[in-house]
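Values quoted throughout were computed directly from the atomic coordinates according to the rules given, and no laboratory measurement underlies them. These numbers were taken from a predicted model, which means no experiment stands behind them. Here the Cβ positions follow ideal geometry from the backbone for every residue, glycine too, while neighbour counts run over all protein chains shown.
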Amino acid sequence: MKIPFAPPYIADGEIRAVTEVLKSGWLSMGYKTREFEEKFAEYIGVKYAIAVNSCTSALFLCLKAIGIKKGDEVITTPFTFVATANTIVHCGAKPVFVDIDEKTYNIDLEKIEEKITERTKAIVVVHYGGQPSDMNKISKIADSYGLRIIEDAAHATGSCYENGKRVGSIGNLTCFSFYATKPMTTGEGGMITLNDDALVERLKILRLHGISKDAWKRYIDGKASWYYEVVDAGYKFNTTDVNAALGIEQLKKLDWMNERRKEIALFYDEHLKDLDIILLYMNPKMKLSFHLYPIRLNKYNRDKFIIEMVKKEIGTSVHFIPLNLMPYYQKACGYKKGDFPVAEKVFKDIVSLPIYPQLKDEEMRYIITTIKDILEVEHE
Ligand SMILES: *Cc1c(COP(=O)(O)O)cnc(C)c1O
């Protein structure tokens, strides 16, 4: 039985929707993109959604839009995909890492304040695996120091905070990923959600070459449509109608996909709970996307475990290698091994198991049997 780690779930609806766009004669950003943005905003429960070509682009645009620049510091977690930190670097700023808490693997709320300086401008909050961070506490800290918050919700599409509201709805700039392995996919893609009327135009202008539509509207007055003004050196970060058509279909089944992932997580929990390993903490008051199902192998050797799983043709992955262990971040920002003991400890024995809607019951059982075989053999 060959079980890949995270294949996308694509059905006839997606194929039909993409074919329609291909036949329509309009492939780039157009009406489909607008429809996707409107439907996504409605689903999240937020005023605006701006579609872009990746979550990385979304993060960078948000940092730019709030004015992050050379000399600034931005607080985030080292236990994330590198895009979270790279985008801070791209603005000329320094990512200031704060260790994680060992239960949720999210940024440790108790350790944020000690890293705040007069150069600190923002906090980029990552909702690890789709488990929302405590935004009440983070907002309080941000408010008292006048910091902006950007949420990296690459894992958390469809997750809800403790108050029942969806991640992305409470008014912070929030960035989603529609990369092929994420809770829903458009192949490549991302979305920014926000309620802020002032920032929405700025983000749209930066998304597409710095071109202002307002100038265009002022000028045409119903006469010409070729005129535009460039008000900033913007970027080329738009999505396409092909991707948007995929997104509209995926959004329809997102809640179902997340529910199915939850069933799988509960199955894993039930069947692994007697082993001497650390299971995923699931906050019972929250709704989670279950983007990841990481376990910690405790005294078993993680690297050996992955090799054994490969032999049985079961895909796994590691989320994440702490960024302070990366050569670039050591060289450019002076981080070193040992800086973030909790993230490094968790990294050492963590491994993510397959969790996706089309995973069959017999495959889940095979995964469990294989894990037990490997761990028990190794244990002797
Ligand atoms: C995947 C991921 C990103 C980047 O998403 P892309 O859409 O691939 O740019 C950013 N942050 C986290 C935490 C991720 O897992």
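Quick notes on this one:
- Backbone phi angles across the stretch 183-190, fed through the Karplus curve with coefficients 6.51, -1.76 and 1.60 (θ = phi - 60°), yield HN-Hα couplings of x, 9, 10, 10, x, 10, x, x Hz in residue order; Gly and Pro are listed as x.
- In the elastic network of the chain, a GNM with C-alpha springs shorter than 10 Å, the most mobile of LEU208, LEU251, LEU323 is LEU208.
- Length gained on full extension, HIS90 to LYS262: 58.3 nm, using 0.36 nm per residue less the C-alpha separation.
- In sequence order, the stretch 163-169 has phi-based couplings of 7, x, 6, 6, 4, x, 9 Hz under the Karplus curve 6.51 cos²θ - 1.76 cosθ + 1.60, θ = phi - 60°, and Gly or Pro positions carry x.
- Distances between placed amide hydrogens fall under 5 Å for CYS160 paired with VAL167, LYS287, LEU288, all partners being 5 or more residues away or on another chain.
- Stokes-Einstein diffusion coefficient of the stretch 228-327, Kirkwood radius over Cα pairs, 37 °C, 0.692 mPa s, in µm²/s: 185 µm²/s
- Sites LYS336 and GLU229, calculated FRET efficiency, Cβ-Cβ separation with R0 56 Å, nearest 0.05: 0.70
- Gyration tensor verdict on the stretch 1-59 (Cα atoms; rounded if a/c is under 1.5, prolate if a/b is larger than b/c, oblate otherwise): oblate
- Most mobile of ILE107, ILE123, ILE170 in a GNM of the chain (Cα contacts under 10 Å): ILE170
- All-pairs Cα distance distribution in the stretch 289-380, expressed in whole percent, bin size 10 Å: 15, 40, 28, 14, 3
- Among 148-157, 44-53, 340-349, 298-307, the peptide with the highest mean count of other Cβ atoms within 10 Å heads the list, and the full ranking is 148-157, 44-53, 340-349, 298-307.
- GNM flexibility winner over the chain from THR370, THR185, THR84 (Cα, springs under 10 Å): THR370
- Neighbours of THR239 by Cβ distance under 13 Å: Lys/Arg scored +1, Asp/Glu scored -1, total +1.
- q = 0.14, 0.15, 0.17 Å⁻¹, the stretch 159-209: log10 I(q)/I(0) [Debye, one scatterer per Cα]: -0.45, -0.51, -0.64
- For the stretch 83-127, the residues whose backbone nitrogen is under 12 Å from a point 7 Å from the Cα of TYR281, taken along Cα to Cβ, are 100-110.
- Nearest 10 degrees, 0 to 90: helix 302-311 Cα axis against the chain principal axis: 90 degrees
- Gyration tensor verdict on the stretch 82-143 (Cα atoms; rounded if a/c is under 1.5, prolate if a/b is larger than b/c, oblate otherwise): oblate
- If R0 is 41 Å, the Cβ-Cβ spacing of ASP269 and LYS115 corresponds to a FRET efficiency of close to 0.75.
- Degrees between helix 31-44 axis and first principal axis of the chain (Cα, 0 to 90, nearest 10): 50 degrees
- Each eigenvalue of the Cα gyration tensor of the stretch 55-173, multiplied by 5 and square-rooted, gives one semi-axis; in descending order these are 20, 16, 14 Å.
- Scattering profile of the chain at q = 0.11, 0.13 Å⁻¹ [log10 I(q)/I(0), Debye over alpha-carbon scatterers]: -0.80, -1.09
- The percentage of C-alpha pairs in the stretch 176-297 whose separation is greater than 22 Å is 58%.
- The count of lysine pairs in the stretch 1-80 whose Cα atoms are under 25 Å apart, excluding pairs fewer than 8 places apart on the same chain, comes to 5.
- Once the Cα atoms are used to define both axes, helix 55-65 deviates from the longest principal axis of the chain by about 50 degrees.
- Applying a threshold of 27 Å to the alpha-carbon distances of LYS287/LYS337; LYS182/LYS285; LYS311/LYS331; LYS94/LYS285 flags LYS287/LYS337; LYS311/LYS331; LYS94/LYS285 as lying beyond it.
- For the stretch 122-177, the normalised intensity computed at q = 0.17 Å⁻¹ comes to -0.45 (log10 of I(q)/I(0), Debye sum over alpha carbons, equal scatterers, no solvent).
- Chain lengthening between ASN163 and ASP12 when straightened (0.36 nm per residue, less Cα-Cα): 50.8 nm
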